[in-house]
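The structure appears below as structure tokens.
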Amino acid sequence: MTQYSVVAIQISISLNIRRCKALFQSYDILFSDSDEIFIRTQENKYAYLFQYGVLSFFNFTPSEINEIIRIIDPNAPMWGNHELNETIKITVSEQAQKVDFNSVILNDLSPEFIRLVMLNTSQSVALDKYLEITDDLLDETRQYVKQLEQSGSLRLSRKKLKMFIGRVLNVKNQIFENLYIFNAPDITWENEALNRLNIELKQTFDLKDRYQYIYERNSIIKEELDLFKDILDHNKSSRLEIIIIALILIEIIDLYVVRLLQASF
């Protein structure tokens, strides 16, 4: 049996795939589109780059990983300094294909099988990133909910609220655009073993449940922000009503004073 490692790390919020393709054009590019690029750097060494800022490596040493990172972004932290990362072991064996919590047994080491493991590992790391972002947004929302509970008022400007809503919608859009949790990759359509591997990897990484968890938390945040918006709209309407009433009173007083002055002459 031979063992290899797949390592996936989050190095940035996003990557320019077109630029990455130009940087790695001297390597063997096995697949690329606007969202990802899958390359072979040497025999049995593969790198997978994703638009959502995740890099995945198969059979790379730490120094080789750092070399790729330096090519993409010389200012990015090196391997080992990234909190968002995941490693899974791949064993090549004549045993039946099997996926465990942190290991995969394959009897076929073709690029398609390796790519599928790297894809799911990368999506797992990306979900960790979106969970962190969503938790931060939820914590911020809870602060305003606590304000309402304790003081009955909301110290939040309409501009800040709109920016907050924009951040939430941006996170939801990034998840929808970048992750293919519910879609089987094209490479699985005509190969039963690949399709089975894809299903087992998604179950092992718990991708669909984690995706649903993030989606539901985003929905909670959106509902609370809609409530905040209604409160601010109501406050604005109340202020407008007060202004209108004040203007009417001023008009009545002005008319009364004018009539008094006219009567005195």
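Just so it is clear, none of the values below were taken in a lab; they were calculated from the coordinates. Note that this is a predicted model, so its numbers are computed, not measured. FYI the Cβ positions are ideal-geometry reconstructions off the backbone, even for glycines, and counts take in every protein chain you see.
Structure data summary
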| quantity | calculated |
| --- | --- |
| Residue tally, condition over 19 Å from the mean Cα position of the chain (by Cα) and under 11 Å from ASN120 (Cα atoms), over the range 186-215 | 7 |
| Some residue of the range 68-80 being surrounded by 14 or more Cβ atoms within 10 Å (Cβ to Cβ) and polar (S, T, N, Q) | no |
| Selection within the range 95-127 - touching a residue at least 24 places away in the same chain (Cβ under 8 Å), of a type in the set (S, T, N, Q) and part of a loop (DSSP other than H, G, I, E, B) | GLN97 |
| Flag if ASN59 is surrounded by 14 or more Cβ atoms within 10 Å (Cβ to Cβ), touching a Lys or Arg at 6+ places or on another chain (Cβ under 6 Å) and closer than 26 Å to THR204 by Cβ | yes |
| Of residues in the range 97-137 being within 15 Å of the chain's Cα centre (by Cα) and of a type in the set (A, V, I, L, M), the one surrounded by the fewest Cβ atoms within 10 Å (Cβ to Cβ) | LEU131 |
| Within the range 37-67, considering residues that are under 18 Å from THR121 (Cα atoms) and free of Cβ contacts under 8 Å to residues at least 24 places away in the same chain, the one nearest to the chain's Cα centre (by Cα) | ILE37 |
| Residues located in the range 1-22, provided they are exposed (fewer than 15 other Cβ atoms within 10 Å of the Cβ), more than 24 Å from the chain's Cα centre (by Cα) and not small (Gly, Ala, Ser) | MET1, THR2, GLN3 |
| Only one of GLU86, GLU94, GLU43 that is among the charged types (D, E, K, R) and surrounded by 12 or more Cβ atoms within 10 Å (Cβ to Cβ) | GLU86 |
| Pair list, Cβ under 6 Å, 6 or more apart: the range 1-29 residue in a strand (DSSP E or B), other residue of a type in the set (Asp, Glu) | ALA8/GLU86 |
| Residues of the range 84-104 that turn out to be aliphatic (A, V, I, L, M), touching a strand residue (DSSP E or B) at 6+ places or on another chain (Cβ under 6 Å) and closer than 24 Å to LEU127 by Cα, as a count | 4 |
| Restricting the range 150-176 to residues that are hydrophobic (A, V, I, L, M, F, W, C) and more than 26 Å from GLN123 (Cβ to Cβ), the residue that is surrounded by the fewest Cβ atoms within 10 Å (Cβ to Cβ) | MET163 |
